[in-house]
Structure formats: C-alpha cells, structure tokens
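Each reported figure results from applying straightforward, stated rules to the coordinates on display, with no laboratory input. Only a predicted model underlies this, so the values are computations on that prediction, with no experimental measurement involved.
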Amino acid sequence: MSKLSYPEAVSIYPFNNNEIDMIMNNAMECTLMWSTKDGWPVGVIHSFIWKNNKIWLTFLAHRHRAAAIRRDNRVSVTISSRAYETDVQNLPAGAITFKGEGVLFDDEETKGWFYKALSEKNSPDNPKSMFEILNSPTRLILCVTPTKKIMYNKLLAEAHAKGEVSEDRLGKPLESDAIRMTSPQ
C-alpha cells in the first residue's frame, strides 16, 4: 500500500481534544442534518452551544426536523472553522462532522441555562434581548451526543505536506482512506 497523504487521505488529519474544544467554542454556526420521512438528507444552519462534549441547539416545535428527529434520532452536525465570527489568531482550521444521537428537551430548567448560554455567545452586548426572543413555549432544545467524529485538520495537513509533521502526529485512517481508496475499482 502506498503512503497516505493529502488530498487522497484526509482522515489522517484529526484534531486533538483541545483543538476540538477550541473549534466548538469559537464557531458561531453549525449545520444540523437529518433524514426526511422519504429518506432525503436535509440540513439547516443553527447557532449552537458546546457543553459537556455535546452539541446543543434550538428550533421551534412545529418545524419538520422536530418530527423527523422524533422518528429517527440519528443526526449529523458539521462545524467549520469558517464559522468563526472574528479572525482570532491561533485557532484550529478545518471542519468536524459529528454523527450522533439527538434528544429533544422542552423543560424549563434546560431552556433556562441554554437560552442564557446561547444569548451570551451570540449577543454578548445585549444577551437579554436575545433571551427574550428565544424564550418561547413552542421552542425545543436538541442535544446531540456524538457517536463518531469525521475530522479534517487543515493546518496539520498543510504541515504534513511540507514535511513538518512526524507520522506519529497523524491519525488512524478511516476505512474509506485505508481500504476503499486502495482497492481496485
């Protein structure tokens, strides 16, 4: 088998846990994806909170995604470093897709801490105003517990391409890179 490298094998460029936290705490938006009743994949952009290694976001209960997630709670969430609000130095670059299981909440305790956290993140100059907008009896909170991460660490890939990264810093390739890419077509 030939040596894996970019662009053929992006799965060998993971983020470490600290880099994951940095992306998740600095990115302002994510894309939530689910399957419709007839099997179509759909995605919508959301603001989110990263807390206890889980992704938390909100939408109104009448949205189709609420019924879809109740029917099948398997979802995916993608976060890109392009979603940083400002050009902050020394933040990781790339993207992470989380496969996960979603649980819907509509209790006041969850709404209270979540609305406060999301308001402070997205509207630090006027969190009270955003809190009031979010505070609706028809709003749901979705908590996604990741079961798998698919990562691309752009800075690690670039450093590897320049020969600046030792092989022990690379991740284990996913099946798509380790087996399918090397199999005869």
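Observations, loosely collected:
- Cross-link pairs beyond the 25 Å C-alpha cut-off, checked among 99/128; 54/172; 99/172; 128/148; 37/111; 37/99: 99/128; 128/148; 37/111
- Convex hull volume of the Cα atoms of the chain, normalised per residue: 129 Å³.
- Given their separation in residues at 0.36 nm each and the Cα-Cα distance between them, residue 53 and residue 90 gain 11.2 nm when the chain is fully extended.
- Shape category assigned to the stretch 8-49 from the gyration tensor of Cα positions, a/c cut at 1.5: oblate
- Nearest 10 degrees, 0 to 90: helix 108-122 Cα axis against the chain principal axis: 60
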